[in-house]
Every structure is written in C-alpha cells, then in structure tokens.
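Reading through the structure tokens given below for one structure.
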Amino acid sequence: MQPKSARLKHTQRIAVLFLTVAGVVNYLDRSTLSIANHSVSQELHLSGAQIGLLLSAFSLAYAFAQLPVGALLDRFGSRVMLGLGMLVWSVAQLAGGFIQTLNHFIVARVVLGAAEAPLFPAGAKVVNEWFSVHERGGPTGTFIASSTIAPMIAPPLLTVIMLSLGWRTMFIVMGVLGILVAIGWYLIYRNRGEVTLTDDEVRYLDQNDAVQESRGAGLSFAEWGGLFKLPNTWGMIFGFMGVIYMVWLYLTWLPGYLETERHISIAHTGWLVAIPYIFGTLGMGGSGHIADYLLRRGMAPIRSRKWPVCIGLIGAAAFTIPAAFTPSTALAITYISLAMFFVNLASGSAWALVSVAAPRHLVASLGSLQNFGGYLGGSFAPVITGIVVDQTHSFVNALLISAAIAFAAALVYLFVVREVAPAKSAAPLDTQPSNT
C-alpha cells in the first residue's frame, strides 16, 4: 500500500477538525429555535403549527439550496463556498436575536437554511479530495458526528445561556461564534487543487479508487444533469428522506415532546435531551468505521455503506414504535436513545456512501442532491408534527408516522441503490444490475 506523507496527515487533521467544528456550530444554530420554541411562542404568541412553520422554513430553504450548491462547490471548491456559507448563516443567526414578528423570523430562518446548505456536501468533497478510498469512512463519520455532538451539548449549553441572558442573546452569541469559525476556515484550509502534491501523494490519494475521474477538474452542466438519469441518485434522494425526516423530528420537537408529553421542566429538559444524542453520536461516529471495516473485509464499496444504512433505518423504526406507546418516561428515553443510535448510523453511512459513489468532480453535486431529498422530506416533519400535536394533543401518531417513513426508506436503499462499476466513460455512476 502506498505510504502517507507527513504533510497529508497534517492536512487531513486540519480538514477534519475544521469540518467538525463547523458542523457543531451549524447544528447549535439549528438547535436554538427548538430549545427556545416555548419562550419564542409565548413572546410572539405563536401556535404549535406556526412554530412548525418556522422550523420548516429553515429546512425547505436548506433543501432547495442544495440543488445549485453542489455544482457551485464542484466548480469553485470548498474553501470559498463553505467559508462564504458560514459567514452568511452566522449573520442570519445573529439577526434572529433582533426579530419582532413572525414574518421577520421566517426570513431569518430562510437565509439561515440556504446559507447552511454547503456544509455537508463540502465535507464529502473534502474527504474525497484528501483521503484515499479505503480510509474515507472514518473521517466522514467523525465530521458528520458533529450533527449529534451539537444537539447533545446544545440543550444544557443553550438552556443555560437562554435562562441566564434570554433567548435573543443566545441567538446573538451563536452568530458571533460562527463568524469567527468562518474566518478561520478561509484563512487556513486549502482545496486540493490549490496545493502542489508530489507524485507519491497523488498515488496515495487515488489508489484503488474505482470511480475516479479520468480528466481534470471542472464540471459541465451535462455531467450534473446526467446524475438525474441514474438509479443510484434517485435511490439516495428518496432513501435519505426517511433518514432526515426522523432526524429532523427529534431535533426540532424532542424538547417540546419532553415538556408537553412527559411534563418535564425546561431546566431538566435541557439535560435530559442530551442522553439520546450521546447514543446518536456513537451511531454516527461508528458508521464510518463500520463501513471501512466491511470494505477491508472484501465487501464492495457501495454495499459496505448501503447495508449499515438499511440496518440503521430498520432499527430506528423498531425503537420509535415502543417509544410512542410506553407510559414510562425512563423507557421512552431509552427507546428514543436507541432509535437515535440507529438513525444516525444510517445518516453517517449515507454520507460515507457519497464519497465512494461518484468521481471527485461530482462528489459535492451527488451529496447535495442526496441532501436535497433528505431535507425536502424532512421539512415536512416539523409541520406534520405540529399539526398532529395541535389536533390530538399527543406525539404518538407523529412518532408512528416517522417510523413508517424510516422503514420505507430502508426498502428504497435496499432495492434501488446498486454497486458502481469501475469508471470507463463520462457516465460516473453506471451500475451493475446484478449486484444489490
């Protein structure tokens, strides 16, 4: 196996560190409204459905921004696009501390969602650029774990800030933090194309990569549009809907669920919500290592990622159902924690799938299309949950809907996503129908 240079090791550490920090800031920003939704609804006199609308305004903007952002990332690189995205979303987060009306809040959430769109496609592109195919699962799982680390620390951290200084100050503090991280990323990180690599470093990064491009950098509209002609793209789009629907339901409504369904105080909710996210972090962090282990054991790249996705979705559905019906708060937290482990195992594996399913110049595009599908479907979770809770005064049916969607998504990944053939032409995701 080709050895790794000290420079590559340093670059990899810096890249993963910044991606993880950016991801933590990203999800802390997303969590502010779910932590403060009770206080915001009281001050602005909003119903459950209106809070759901605010939450969905973010995810809808985030979903549709994925369509252009992947192509922009593949064209201009992660350094500029992610740096600019962090700067804009942090300004929008800061502005949330000054809003006075529902309409103003919707605008701030839309800008926040659109500007956050580059993060995870950029992460997939960074991992594809700076890691060899046999080691991409680990760093992917690490930086994607930020999506569970942040919600794990957000309830106690943000609740303390909110109770001490008010929800508006909480928004402002998070905005300033994001601006600082954005500046650091742009000053320190470099795209692969901006670095002169030795022949040994190039050979190390490109070894055993079955779908690497056979031409230089760049992206044509025909190549981007060609992704829509491939079954794997559609399988990843529709399958990821089930992942993000459940992730977004728990992220946006878990504090409210504990307060209204389980009658737990805001102060105690802040600490209790962290428990499921500890399990979620274990599932997310382990996902990439599981994928790399399966690959080392001889499983094909796509299947080494697809099977953990399917198992994760089925496990998440299986544990969400008893969580909906148990009268015990302790058991409900236990079941939700296990559901969070499995759904985040699926989420991390889905992003690890992106890094092996496309050549380098299309990785961000494929990742953004997957994320578009996920958040288009996931954007319905806050609204549907708010409507169900308003009408039934219970979260039972909302949790059952989420379980059903997760199970359906597992079937999509199982039967639609197939192994990628070695690249021989400009069609980067040609599949072998005999492999599942």
Near pairs, Cβ below 9 angstrom, 6+ apart or cross-chain, from the stretch 78-107 (buried (at least 19 other Cβ atoms within 10 Å of the Cβ)) to any residue that is polar (S, T, N, Q) and assigned to a loop (DSSP other than H, G, I, E, B): 78/191; 79/191
Restricting attention to helices (runs of 4 or more DSSP H) lying wholly within the stretch 216-325, give those where 1 or more residues are more than 16 Å from the chain's Cα centre (by Cα) and more than 30 Å from residue 162 (Cβ to Cβ). 221-226, 231-260, 274-296, 301-325
So residue 394 clears everything in (1) at pLDDT 85 or above; (2) in a helix (DSSP H, G or I) except one condition, right? Which one? (2)
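Working only within the stretch 326-350, note down all residues that are of a type in the set (Gly, Ala, Ser), closer than 21 Å to residue 258 by Cβ and assigned to a helix (DSSP H, G or I).
Answer for the stretch 326-350, where residues must be of a type in the set (Gly, Ala, Ser), closer than 21 Å to residue 258 by Cβ and assigned to a helix (DSSP H, G or I): 330, 332, 337, 339.
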Taking the stretch 118-140 only, how many residues are modelled with pLDDT under 90, over 20 Å from residue 7 (Cα atoms) and outside any helix (DSSP H, G or I)? 0
Here are 373, 378, 386: which of them is over 20 Å from the mean Cα position of the chain (by Cα), surrounded by 23 or more Cβ atoms within 10 Å (Cβ to Cβ), under 25 Å from residue 30 (Cβ atoms) and in contact (Cβ under 8 Å) with a residue 40 or more places away in the chain? 386
Can you tell me how many residues within the stretch 100-117 are of a type in the set (A, V, I, L, M), part of a helix (DSSP H, G or I) and within 19 Å of residue 26 (Cβ to Cβ)? 6
Of (1) over 30 Å from residue 68 (Cβ atoms); (2) crowded, with 24+ Cβ neighbours inside 10 Å, residue 322 fails just (2)
Among the residues of the stretch 286-305, are any aromatic (Phe, Trp, Tyr) and within 23 Å of residue 259 (Cβ to Cβ)? no
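The values are calculated or read from the model by the stated rules, or taken from the named source; none is laboratory data. The structure presented is a predicted model; accordingly, all values stated were derived computationally and were not measured. Reconstructed Cβ throughout: ideal geometry from the backbone, glycine too, with neighbour counts over all protein chains shown.
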